[in-house]
């Protein structure tokens, strides 16, 4: 298992543990000229839930894999938090923002996997 696959697995496990909703992995490795290899997407029930899931992902990935994101965006409003780990980008949304931006539809050519809550 590659380093980015281990990272994706850790992120998904953490999101499942903290009740992330509609967790989705998008494997972008077959998409030409793509800026990363994986997206992990989920949504939460409130700003507090979205913010806490991002905090748990940050802490768990750092503790288990000794990795920190290169950049985190959106923490102030906690409507859509993006955690950039280089080859893995984590998107934690509020439901309304997720429905509006529809990232899964944009990347339909990629391999998409859903994970139950």
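Values quoted throughout were computed directly from the atomic coordinates according to the rules given, and no laboratory measurement underlies them. Quick caveat: nothing in here was measured; it's all calculated off a predicted structure. Cβ atoms come from the backbone with ideal geometry, glycine included; neighbour counts cover every protein chain shown.
What number of residues in the range 86-109 are out of contact with any helix residue (DSSP H, G or I) (no Cβ under 6 Å at 6 or more places or on another chain) and under 26 Å from residue 65 (Cα atoms)?
Adding up the residues that qualify gives 4.
Only one of 68, 30 is surrounded by fewer than 20 Cβ atoms within 10 Å (Cβ to Cβ), farther than 15 Å from residue 114 by Cα and in contact (Cβ under 8 Å) with a residue 60 or more places away in the chain. Can you tell me which?
Criteria check complete, one pass: 30.
Just give me the residues in the range 39-65 being touching a helix residue (DSSP H, G or I) at 6+ places or on another chain (Cβ under 8 Å), buried (at least 22 other Cβ atoms within 10 Å of the Cβ) and touching a residue at least 40 places away in the same chain (Cβ under 8 Å), in sequence order.
Hits for the range 39-65 are 39, 40, 41, 42, 43, 44, 57, 61.
Pairs needed: first member in the range 97-108, closer than 12 Å to residue 25 by Cα; second member anywhere, assigned to a loop (DSSP other than H, G, I, E, B); C-beta distance under 8 Å; at least 6 residues apart or different chains.
From the range 97-108, the pairs are 107/28; 107/31.
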